[in-house]
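Taking it in order: structure first as structure tokens, then the write-up.
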Amino acid sequence: MTYRLHYAPDNASLVIRLALEELGAPYDTVLVDRASEAQRSADYLALNPNGLIPVLETPHGALFETGAILLWLADTHGKLAPAPEHPARGDFLKWLFFVSNALHAEMRMLFYPAKYIGDDLSHQAALRTSLQKSLTAHLSKLDTLASEAHPWFAAKEPSVLDIYVVTLLRWLALYPKGGARWFSLKETPHLLGLASQVEVRTSVQAAILAEGLGPSPFTAPSYATPPEGSAT
């Protein structure tokens, strides 16, 4: 089956691109021009009424929400996650949902505080301070998890959880512009090892070319210089 990925460079669609590349699944892409707010267009909202990137069109309909797409792809292709009947399935799921519902969700608030608390800069600063503490705790838990030799996280072969986490680590190092100094990947050495391990995979090299991510997109990230479209 061939998929269609609606993407913007260095957005959450990057996670899905990496998963598709790891699966070797055929797909084409449709650029969602954030500069013109194409994600708010009637055509796009017909695919994702939340107006968020990404959308993955499949033979069974359009999917949205990063975690949901990852889980659907893993189950459909029987790769990159424990199978539904596997004893480790429950542990894998709880951490995948933790990353989606806690880590990723709080990062959105950190990057776009005005959407959640309004335009008062002092309120935004207070929210960011609180979120930085919470995110630090989340990363510490994931660093411990990465040290525990689970077959579905930080193992020899990547899972969708690995792909998701290293992409989020990239954004924590870059955003918000001028306000990411609180974060250092060196503080979580097992996650740094995971980022180093994933970074050299063929799937990542394909994404680097497609989205202009730079030579070290996870261990020493730089702002994307995509051949088309804009990351912001």
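The values are calculated or read from the model by the stated rules, or taken from the named source; none is laboratory data. Keep in mind that what you see is a predicted model, and the values were worked out from it rather than measured. Cβ placement follows ideal geometry from the backbone for every residue including glycine, while neighbour counts extend to all protein chains displayed. The protein model used for the area step is the full one, side chains on, heavy atoms only, and it has no ligands, DNA or RNA in it. Shrake-Rupley method; radii C 1.70, N 1.55, O 1.52, S 1.80 Å.
At-a-glance table
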| item | result |
| --- | --- |
| Proximal charge balance of Leu96 [Cβ under 13 Å; K/R count +1, D/E count -1] | -2 |
| Projected label distance in nm at Asp120 and Ala149, using a 7 Å step from Cα toward the beta-carbon | 5.2 nm |
| Relative contact order (percent, whole number), the chain, Cα cutoff 8 Å, 6+ residue spacing | 22 percent |
| FRET efficiency estimate (nearest 0.05) - Cβ-Cβ, Thr225 to Ala42, R0 35 angstrom | 0.70 |
| Per residue solvent-accessible surface (Å²) - segment 123-187, probe of 1.4 Å | 45 Å² |
| Solvent exposure, largest accessible area first (probe 1.4 Å, DNA, RNA and ligands not counted), of Met109, Met1 | Met1, Met109 |
| Choice from Ser184, Ser216, Ser13 showing the highest fluctuation, given a GNM over the chain with Cα pairs closer than 10 Å | Ser184 |
| Among Ala25, Ala81, Ala42: highest mean-square fluctuation, GNM of the chain, C-alpha pairs under 10 Å | Ala42 |
| Relative contact order [Cα under 8 Å, 6+ residues apart], segment 105-232, whole percent | 18 percent |
| Fluctuation leader among Gly51, Gly193, Gly178 - the chain, Gaussian network, Cα springs under 10 angstrom | Gly178 |
| Cα-centred dipole magnitude for segment 1-146, charges only on beta-carbon of K, R (+1) and D, E (-1), debye, nearest 20 | 320 debye |
| Heavy-atom accessible surface of the chain: percent carbon and sulfur, 1.4 Å | 54 percent |
| Largest to smallest accessible area among Phe97, Phe64 [probe 1.4 Å] | Phe97, Phe64 |
| Residue (of Leu31, Pro49, Ala125) at the positive-pole extreme of the chain, dipole from beta-carbon charges | Ala125 |
| Computed accessible area, Val30, all protein chains, 1.4 angstrom probe, square angstrom | 50 Å² |
| Helical segments meeting 18 Å axial Cα length and Kyte-Doolittle 1.6 threshold in the chain (DSSP H) | 160-174 |
| Cα point-scatterer Debye curve for segment 87-158, base-10 log of I(q)/I(0) at q = 0.19 Å⁻¹ | -0.79 |
| At most 11 other Cβ within 10 Å, DSSP loop - GluC sites (Glu not before Pro), segment 14-58 | Glu37 |
